[in-house]
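Throughout, read-outs are computed from the coordinates displayed, never taken from laboratory work. Just so you know, these numbers come straight off a predicted model, no measurement behind them. Don't worry about glycine lacking a Cβ; one is built from the backbone with ideal geometry, like all the others, and counts go over all protein chains shown.
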Amino acid sequence: MDTLPDARPSNTPEFTVSEISGAIKRTLESEFGRVRVRGEITELKAYPSGHIYFALKDEGAKIRAIIWRYAVPKLSLRPENGVEVIATGKVSTYGERSDYQLIVDRMEYAGEGALLARVEALRKKLGGEGLFDEARKRPLPLLPRVVGVVSSEKGAVIQDIRTTIARRFPRQVLLWPVPVQGQGAAEQIAAAIEGFSRLPRGIPRPDVLIVARGGGSLEDLMAFNDEAVVRAAAACPIPLISAVGHETDTTLIDFASDRRAPTPTAAAELAVPARAELLAGLAQTAARLLASGQGALDRARLRLSRVEGRMPDLPGLVGAARQRLDDRAERLALAPRALLTRKRGMLDAVAHRLPHPRETLAGHRHTLGLLQARAGAALQRLLDRRQGALHRIPDPGARVAGRLREAGLRLAGLAARLEGASYQGVLARGFALLRDEAGEPVTRAADVAPGARLSVTLQDGSLDVTADGKGSGGASPKGRRTPPSQGSLL
């Protein structure tokens, strides 16, 4: 059996696929770092995960690129195939397929895209100021007397406008010629828009203004994206129609104008109505008015005939009213005499039942005399009872004197009891009251220390004494007599 020869040793290092792929990745990321790549977007594909995969190419090469989902909302533009952009990011590799790619986190237009970015930034700025608000839009006049045009005096634009106006409804056209592209075109367009609103007297002021030019590239239309032109259009007091470029072209003056027309011819059609259409509409309106008036008359005539059929016979009503009036007048003439006769009969019927006034007066006098006699007798009885009650009342002076004697005796007894309870009576019987220096009574001899100063209260005054020893006491040489004071009654 043959055997393989032994492998010769080699100084070349050996790598695994993962090791070499990682080394290449680290080399690319450290060598290039953050780069800006210019190219045209191609093979764009957005995945459901939110990531966007595409490639950037130029005349000689193509590089794959990816935008992660978290970076998509941060982009200032929406990637589209065929758009030339400048992508900013870092170079990395995809090891499973040995591909290198650009991780993009920022993107901006290149070339024409740069112009679009500038226009978009200006649009956001002016829109934020409210220059494009719908509330600023003014209605166009129905039939202007003068149509002002800001455009080039050469070319087909002004001819199309004049031809269209002459065909639809001939009106006076006032042209302010300006260059529509190139150096200084924006300033002259803005000056023309402002100049129409400040025309001197003697020159008819337009009722509607058209700013127009033909189609062209984005660079050709940039004069109508200038900030001065847009502000002049927004501040123009005359209703303004913009007709710049073809139908697919959009400039900033379209947002600031009151109406946008896709072409200059369409702008002329918006500015003036078609005379034939006005005449047809007027004839149709006249016919509708006549038909409406005739219908109103027919309906009124029908209502009148119906009301006439329901109305009563007015002459008959008047005749019946006259007859009732004559009847009431005749009855009114006879009514007072009949009333007097009826009242007189009623009076005669009750006259014999009425009493004579003298009899009534005599009855009242008799009743009054009886009441007077009864009142006198009752008053006399009342006086007799009052006098008897007065004789039964005892002498008030004797009762008061007796009560005073009883009160004096009661007071004398209470005074004697009070005198017996007073300590002054005790002192009068030979007792004395001892107090220490604090004025507290001394009740025990053991509480008195030798040499203590005491106050002795007798019946006729107080003495200050000093204790000589336990169980004895005597008057101090320094003792002094004090006048008697009023003691407590308790």
Ordered by number, the trypsin sites (Lys or Arg not before Pro) in segment 95-166 that occupy a DSSP loop and have at most 15 other Cβ atoms within 10 Å are ARG97, LYS137, ARG145, LYS154
Sequence order, segment 336-349: Karplus ³J(HN,Hα) from phi using 6.51 cos²θ - 1.76 cosθ + 1.60, θ = phi - 60°, Hz rounded, Gly and Pro as x, gives x, 5, 5, 5, 5, 5, 5, 5, 5, x, 5, 5, 5, 5
Which lysines have a Cα lying under 30 Å from the Cα of LYS62, excluding residues fewer than 8 positions away in the same chain?
LYS25, LYS45, LYS74, LYS90
Positive-end residue, the chain charge dipole about Cα centroid, Cβ charges, pick of SER455, ALA234, VAL180:
SER455
To the nearest 10 degrees, the tilt of helix 112-128 (Cα long axis) against the first principal axis of the alpha carbons of the chain is 30
With a ≥ b ≥ c from the Cα gyration tensor eigenvalues, square-rooted, and the rule rounded for a/c under 1.5, otherwise prolate when a/b > b/c and oblate otherwise, segment 26-105 is rounded
Taking θ as phi - 60°, what are the ³J(HN,Hα) couplings along segment 426-432 by the Karplus curve (6.51, -1.76, 1.60), each to the nearest whole Hz, with x for Gly and Pro?
5, 4, 5, 8, x, 8, 10
Amide H to amide H under 5 Å from ILE210: which residues, 5+ apart in sequence or cross-chain, H placed 1.01 Å off N in plane?
GLY148, VAL149, VAL150, ILE241
Through the Karplus equation 6.51 cos²θ - 1.76 cosθ + 1.60, θ set to phi - 60°, convert the phi angles of segment 33-39 into ³J(HN,Hα) values in whole Hz; use x for Gly and Pro.
x, 9, 10, 10, 10, 9, x
To the nearest 10 degrees, how steep is helix 357-391 against the longest Cα principal axis of the chain, on a 0 to 90 scale?
60
What does the helix-only formula give at 222 nm for the chain: each DSSP H stretch with n ≥ 4 adding -39500 (n - 2.57), the total divided by the residues, and the result rounded to the nearest 500 deg cm²/dmol?
-15500 deg cm²/dmol
Near the amide H of TYR94, under 5 Å away, which other amide H atoms are found, from residues 5 or more places off or on another chain, if H is placed in the peptide plane?
ASP99, TYR100, GLN101
Rounded to the nearest 10 degrees, the helix 156-168 long axis (Cα) sits at an angle to the longest Cα principal axis of the chain of 70
With P(r) over Cα pairs in 20 Å bins from 0, in percent as the read-out, I listed (1) 22, 56, 18, 4, 0; (2) 12, 15, 12, 8, 7, 11, 26, 9, 1, 0; (3) 13, 18, 11, 8, 7, 8, 13, 14, 6, 2, 1, 0; which label goes with the value calculated from this structure?
(2)
Out of all DSSP beta bridges with both ends in the chain, state the antiparallel percent to the nearest 5.
65
Under 5 Å from the placed amide H of VAL178, counting only residues 5+ away or on other chains, we find SER151, SER152, GLU153
Given unit charges at Cβ for Lys, Arg (+) and Asp, Glu (-), the dipole magnitude of the chain about its Cα centre in debye, nearest 20, is 5680
Around ALA320, with a cut-off of 15 angstrom between Cβ atoms, what is the net charge of the other residues, counting Lys and Arg +1 and Asp and Glu -1?
0
